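Input: a single structure, listed below in structure tokens.
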Amino acid sequence: MSDITATGRRLPDRLDNPVKSAVMSWESLLVLVALAIFLANSFASPYFLNAWSLSDLTFNFTEKGLIALAMALVIITGEIDLSVASIIALASTLMGLALQYGADTPTLVAVGVGVGVLCGAFNGFLVTGLKLPSIVVTIGTMSLFRGIAYIILGDQSFKGYPPSFSWFGQGYVWWVISFELVLFLVAAVVFYVLLHHTNFGRRVFAIGNNATAAQFSGVRVDRIKFVLFCLTGLMSGIAAVLLTARLGSTRPSIAEGFELDVVTMVVLGGVSILGGAGSIIGVVIAAFIIGLVTFGLGLLNVPGIVMTIFTGSLLIVVIALPILWKMWKERRA
Amino acid sequence: MNRLLKSRELWLAMAILAVLVLVTLRFPRFATPGNLLTIFNDTSILMMLALGQMAVILTRSIDLSVASNLALTGMLVALTNAAFPMIPVPLLIAGCVLVGATLGAFNGILVWKLNIPPIVVTLGTLTIFRGLAFVASGGTWVNAAQMSPDFIQLQRGVFLGLPVLSWFAIVVAVLVYILMTRTPWGRAFYAIGVNPTAAVYTGINVGRTKFLAFVLSGALAGLAGYLYVSKYVIASTESAGGYELTVIAACVIGGVSIAGGIGTVGGALLGALFLGLVNNALPVIGVSPFWQMAISGVAILLAVVLNATSERSKGRIILKKAEVAA
């Protein structure tokens, strides 16, 4: 199967790693990386090993992780959605606007989630209906969605969300287990089943490996891609609800740069950026790794921008290492 | 095909003219030669970056790290100037090009030798380069008082009626035009974009060609680093934050196909000028600058729809029979 995928690609520079065994070892590699960072954190800071610290840690990645789950599916089909952070901005802004008109908590959530789905559907329509490349479409809608947020808000902000709404971002289900974490884990299970144990998931992989062959074997390629863009919009809408509730205010610059973190999570999780390979477990572990790194460095008073050096290097090193190792093995053989 | 591309640029030029005419109808002073030259000068940095990005996109790659490269080289040159004001500015500029090219070469090596997809590599270096700019400066700014007068004034000097900054853009545009249309390298950029497999059979080293495109993009980003810092007379970690998307937008509006192999120097320049013109016109006609982002979003979407329709009409004729047969 890997032979077919290797020659059927449009791009010749694909990674040759999505062999099944490599995927298996990829996840174990990620677990090792996560454990190493966890141990390093425990030694580096006396404040790390504490139930509440670890609980705070999860807030670092749950919102991005929720989007990464859906983004993984989009990337497996060979597309990409760079507009997710701007969807958050627009959904959050419209929730704030609804609040000004006296919306109650259920309405606010409905607005946030609904706007997310609509934005995703718009992306999906442009990509599948008009047959445009998703990377350019979503760079365009990235400007458009956040641009609308700027038009509505300018340099103002919306505040005053009700406590029942704030619970979504700040509430705890039990002891130190936050609502955000529970939602992320539940979503992870749902996406795991969807991708690895349903016909739908199998079709997603089929599209990523060879969209033409999938089309000829009866897979409705465009419809599935459209659904996936809507799904990414939905998850971005949910993330908008959580993030707005956690921050308690909306500015047009909310969630700026999230899209790159989300893509980093997905790629770090072993999803091939060229499509056709990946697993939800890998993405979930990658989300934890990003959370561990940023939180651990935060405890050590490392500024946020320096942390990005670590996440950026992590992305390149974790992808480059297996390739270098393979090259080294081939040279010896 | 050539005629098709030319008509595309004509369309874009007409769109630019239309914006100009519309604004000028209400504000006659907008279209004075002085103001138009100002717009050109303000867009110079974007034009140079768009030309580098075009070379990369032609080879079916993408360089998301240009703005971070700009911020890092800009910060390094400003720090050097603040610490050693006696170093002549032309030497500093050469250093910028060298540093930028080295950063681009780092991207290129990872794409060439390790076969990592360009979007992953440059997503990583996007954060790394900007982070390094913070580390180099310790989070502080380099401001006008710390820069030498030569450093600030060089690009503001006027030569034959144009600021030196504009001349930088013109010279770069001419050089890239010659590279693209009159050299084997330029042809190789197009060849591997149109059909990488065929390019290999004609003896083109695909990996090395991509590497060269990244070096070119990096070198221009490095040059832009000095120009940006001395134009705005401040070097900070946030210089040109998010600018990589504006650069890509300029390319897309200019008709450069994200699928590779299609794009011209004139198109990329016009795409950049269009964005520069819109940004300059908005405050004049009294539209809040907060509209800018949404408008460029709509412009990108319209451009990509236009690109797709013109690209599609090329292949259709051959495929029609097959489609009927299927």
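Every read-out reported here was derived from the displayed coordinates using simple, explicitly stated rules and does not represent laboratory data. Treat the numbers as computed from the prediction; the structure is a model and nothing was measured. Don't worry about glycine lacking a Cβ; one is built from the backbone with ideal geometry, like all the others, and counts go over all protein chains shown.
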| message | Rg over Rh of the protein assembly as shown, using C-alpha atoms and the Kirkwood radius, what does it come to? | response | 0.96
| Normalised alpha carbon radius of gyration of chain A [divisor 2.2 N^0.38 Å] | 1.01
| message | Rounded to whole Å, give me the distance from the Cα center of region B:25-65 to that of region A:286-323. | response | 35
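Please report the orientation-averaged projected area of region B:35-248, defined via the convex hull of its C-alpha atoms, in nm². Don't jump to the answer; show the numbers that get you there.
Numbers: hull surface 47.8 nm².
One quarter of the hull surface, i.e. the mean projection, equals 11.9 nm².
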| message | Which one, A:Met307, A:Ile290, A:Cys230, is farthest towards the positive end of the dipole of chain A when Lys and Arg carry +1 and Asp and Glu -1 on their Cβ? | response | A:Cys230
| query | How do A:Glu27, A:Glu180 line up, fewest other C-beta atoms within 10 Å first? | reply | A:Glu27, A:Glu180
| What dipole magnitude, in Debye to the nearest 20, does the protein assembly as shown give about its Cα centre under +1 on Lys/Arg Cβ and -1 on Asp/Glu Cβ? | 1820
| query | For chain B, which DSSP H helices look membrane-span-like by this rule: Cα extent along the axis of 24 Å or more and mean Kyte-Doolittle of at least -0.5? | reply | B:2-26, B:33-58, B:66-83, B:89-113, B:118-137, B:164-182, B:206-232, B:265-284, B:292-325
| message | Would region A:34-183 count as rounded, prolate or oblate if I go by the C-alpha gyration tensor, calling it rounded below 1.5 in a/c and otherwise prolate when a/b exceeds b/c, oblate otherwise? | response | oblate
| said: How many angstrom lie between the Cα centre of region B:110-167 and the Cα centre of region A:74-135? | reply: 34
| query | Peptide A:315-324: average number of partner chain Cβ atoms within 10 Å per residue? | reply | 5
| said: Which log10 I(q)/I(0) values does region A:150-268 give at q = 0.11, 0.23 Å⁻¹ under the Debye formula, counting every alpha carbon as one identical point scatterer? | reply: -0.54, -1.35
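If we sort B:109-122, A:194-207 on the protection proxy, mean other Cβ atoms within 10 Å, highest first, what's the order? Walk me through the intermediate numbers first.
Working: B:109-122: 21.8, A:194-207: 16.9.
Going from most to least packed, we get B:109-122, A:194-207.
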| note | Flagged as over-length at 32 Å C-alpha distance, from A:Lys329/B:Lys210; A:Lys131/A:Lys326; A:Lys225/B:Lys210; A:Lys64/A:Lys159, the pairs are A:Lys131/A:Lys326
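Scanning chain A for helices, which whole DSSP H stretches are 30 Å or more long along the axis (Cα) and average 1.0 or more by Kyte-Doolittle? Let's see the in-between values first.
Values: long enough: A:20-44 (36 Å, 1.50); A:221-247 (38 Å, 1.50); A:304-332 (41 Å, 1.10).
Those that clear 30 Å and a mean of 1.0 are A:20-44, A:221-247, A:304-332.
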